[in-house]
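Nothing in this text is a laboratory measurement; each read-out follows from the coordinates by a stated rule. What you are looking at is a predicted structure, and each value in this text was computed from that prediction instead of being measured. For neighbour counting, all protein chains shown are included, and Cβ atoms are generated from backbone atoms with ideal geometry for every residue, glycine included.
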Amino acid sequence: MTNPSDLSPLIERIEAAEEGSLELSRAVRDASNAPAHWFIVDPQFYTSSIDAIVGLIESEFGAWGAAIGSSHKGGATLYLKERQNGTQPFKGKGHTPALALCACFLKALQERGEG
């Protein structure tokens, strides 16, 4: 797990990436509470698979909702149930929906003070 202050550079890399990669997916996994063995037993390509990043979001935040690309072109919006106190949802940019959701996820971790 990394320090939350270290997530901004990773978010920038995710939002600038043309496509997902194993390297970026490992960095997303390392920023989360996901066990490292998830990658060894069943590789999760968080930056290239919507299913994989959605699974990671569910494991970190439980009940949540996401709208992909509906609020801004080339992006995603992540709504977290625990954050329904009038604050804005997390918005991320990405060249693919999975990358955009990864950016949202990392922003949520950063705000929560984890990562």
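The protection proxy used here, the mean number of other Cβ atoms lying within 10 Å of each residue, ranks peptides 103-112, 22-31, 9-18 as follows, highest first: 103-112, 22-31, 9-18. Phi angles across region 22-29 convert, under the Karplus curve 6.51 cos²θ - 1.76 cosθ + 1.60 with θ = phi - 60°, into 3J(HN,Hα) values of 4, 4, 5, 4, 5, 5, 5, 4 Hz, Gly and Pro given as x. Each of TYR79 and GLU19 was given a label point 7 Å from its Cα along the Cα-to-Cβ line. The distance between the two points is 3.3 nm.
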